[in-house]
Amino acid sequence: MRAAVAGMIGVIRDLARIRSGPHHVVSCYLRLEPDDRVRQRYLVALKGAVAQAASVAAGLTPALRGEVDRDLRRVVASVEHSGRLPAAPGLAIFACEARTLFLSVPMPRVHHTRVVLDHTPQLTEIVAVEEETGRLLVAALDRAAARFFEVTAFEVRELPGIRATATRGGKFRSDRRDSPGWGERSFHQRIETERHRHFAAVCRRLTELDRTQPAQGVILAGPPEEVRAAARFLPPTLSARFMGAARANPTAVRPAEIRAAALECRRQFEAQQERQLIARLEGELGEGWAANGARPTLRALARGQVRTLLIRPDMTGSGYRCAVSGRLALSKAECRGEGAPIPVPDLVNEVIEDAMRQRAGVAVIHDPELGSAIDGLAAELRFR
């Protein structure tokens, strides 16, 4: 299987076609945020996740265990040199020697570095990221022109742009056809009026694009002064989804740079939402609309109550899955009457997978000050 597949949807579709068989597929999700790249911290986290996966493979037959060990080594070798890493906040790697599969997919976000062994590729996170990122509209503008882009989790597409309609007559001064004065600003302010009309036209175009297919967020890019002025023209429907601004040269910026800037704006927007989420948590706990701690959060997850799952990045450990009910538990005793307890080496990985299967939001709180409010795991609830 090759990475040159027509679009990310094609990649997901090809991976989903892989049927279960005797051979194991290694699915690796690697977090590559700026703090993870410092002193190759990402590699330390990856080797820890690989060691856990290797312990799971220890119970396989020697032939299958050899395949898995070689796949794990290939995954580590592919990211050992930081200079070869993609300029992306995350990376998904799928490997299976028996199926001649080795595929690397840059990701706009990875919640937690983890390695999963299964008979089919684990696609829950890659599908969830595509759905959560949705469609972002980006307007790269200055006072004279605007370019529009549609950004998704894995692709960027440039849309038809617009130019401001200039009515000035001379190069250095007005032609005075409709004003008796010589100064633009002192008399009729034609330049400023044209600028405002241009920003209004940009917002009308964004509204049309949003009406055709609703966007999850709107981002403006360009010189800071022009972007601040244009943001004041956004109608309330778009202003509520305004995710931020980026500095760019609208005439020279490339689509790949627009995509990177848009995803960075979205990341900062989500970081602000996480701060608001932690601020709400204490009040929701008192009202019964939140759970804090591993056991109450796992019980809420089993009942389908979790709306947003909050995880501290240092949360590690093993647990159990009850064979009959399928719920996750911290100890064997909790599975009494719900089937035999099946050991789960990486409990956090299973918690994230279960939350994403339920279409719950997942927030890994990396800020130590914010994370101190969480007892390992916490959750906002859909119902009490």
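The values are calculated or read from the model by the stated rules, or taken from the named source; none is laboratory data. These numbers come from a predicted model, not from an experiment. A quick note on method: Cβ atoms are made from the backbone with ideal geometry, for glycine too, and the neighbour counts reach across all protein chains shown.
Brief remarks follow.
- Of all positions in the range 257-279, at least one carries a residue that is under 30 Å from Asn349 (Cα atoms), among the small types (Gly, Ala, Ser) and touching a Lys or Arg at 6+ places or on another chain (Cβ under 9 Å).
Each row is one residue, and each column tells you yes or no for (1) of a type outside the set (A, V, I, L, M); (2) closer than 11 Å to Val26 by Cα.
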residue: Arg70; (1), (2): yes, yes
residue: Val75; (1), (2): no, yes
residue: His81; (1), (2): yes, no
residue: Ala88; (1), (2): no, no
residue: Arg99; (1), (2): yes, no
residue: His111; (1), (2): yes, no
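- Condition check for Leu328: modelled with pLDDT of 85 or more, within 30 Å of Phe242 (Cβ to Cβ) and surrounded by 18 or more Cβ atoms within 10 Å (Cβ to Cβ): no
- Unmet criterion (only one of (1) loosely packed, with under 13 Cβ neighbours inside 10 Å; (2) under 18 Å from the mean Cα position of the chain (by Cα); (3) over 21 Å from Ala146 (Cα atoms)) for Ala256: (3)
- Pairs meeting the criteria (first residue in the range 111-134 and within 25 Å of Glu270 (Cα to Cα) and in the same structural domain as Leu72 (by TED's automatic domain parsing), second residue surrounded by fewer than 21 Cβ atoms within 10 Å (Cβ to Cβ) and among the small types (Gly, Ala, Ser), beta carbons under 7 Å, at least 6 apart or on different chains) are Thr113/Ala45; Leu123/Ala16.
- Given (1) out of contact with any Ser or Thr (no Cβ under 7 Å at 6 or more places or on another chain); (2) without any contact (Cβ under 8 Å) to a residue 60 or more places away in the chain, number of the condition Ala98 does not satisfy: (2)
- So Leu60, is it of a type in the set (A, V, I, L, M) and in a helix (DSSP H, G or I): no
- Candidate set from the range 367-380 (those that are among the hydrophobic types (A, V, I, L, M, F, W, C) and surrounded by 20 or more Cβ atoms within 10 Å (Cβ to Cβ)); member that is farthest from the chain's Cα centre (by Cα): Ile374
This table checks each residue for (1) at pLDDT below 90; (2) of a type in the set (A, V, I, L, M); (3) assigned to a loop (DSSP other than H, G, I, E, B).
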residue	(1), (2), (3)
Val11	yes, yes, no
His23	yes, no, yes
Tyr29	no, no, no
Gln52	yes, no, no
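- Residue list for the range 209-256, filter: out of contact with any strand residue (DSSP E or B) (no Cβ under 9 Å at 6 or more places or on another chain) and over 17 Å from Arg135 (Cβ atoms): Glu225, Ala229, Arg232, Phe233, Pro235, Pro236, Ala252, Arg254
- Residue list for the range 118-152, restricted to those being in a strand (DSSP E or B), of a type in the set (A, V, I, L, M) and in contact with a helix residue (DSSP H, G or I) (Cβ under 7 Å, 6 or more places away or on another chain): Leu136, Leu137, Val138, Ala139, Ala140, Leu141, Ala146, Val151
- Scanning the range 340-350 finds no residues that are among the small types (Gly, Ala, Ser) and surrounded by 13 or more Cβ atoms within 10 Å (Cβ to Cβ).
- Candidates Glu338, Glu369, filtered to the one that is on the phi < 0 side of the Ramachandran plot and not in a helix (DSSP H, G or I): Glu338
- Test for Pro108: is it closer than 20 Å to Glu155 by Cβ, assigned by TED's automatic domain parsing to the domain that holds Ser27 and out of contact with any helix residue (DSSP H, G or I) (no Cβ under 8 Å at 6 or more places or on another chain): no
- You will find that of Ala87, Ala51, the residue that is aliphatic (A, V, I, L, M), surrounded by fewer than 20 Cβ atoms within 10 Å (Cβ to Cβ) and over 19 Å from Val348 (Cα atoms) is Ala87 and no other.
- The combined condition, being among the hydrophobic types (A, V, I, L, M, F, W, C), farther than 16 Å from Ser78 by Cβ and touching a residue at least 60 places away in the same chain (Cβ under 8 Å), is fulfilled by Ala57.
- Evaluating Leu281 against the criteria (1) at pLDDT 85 or above; (2) assigned by TED's automatic domain parsing to the domain that holds Ala355; (3) of a type in the set (A, V, I, L, M) leaves one unmet condition, (2).
- The selection criterion, being touching a residue at least 60 places away in the same chain (Cβ under 8 Å) and out of contact with any Gly (no Cβ under 8 Å at 6 or more places or on another chain), holds for Ala87.
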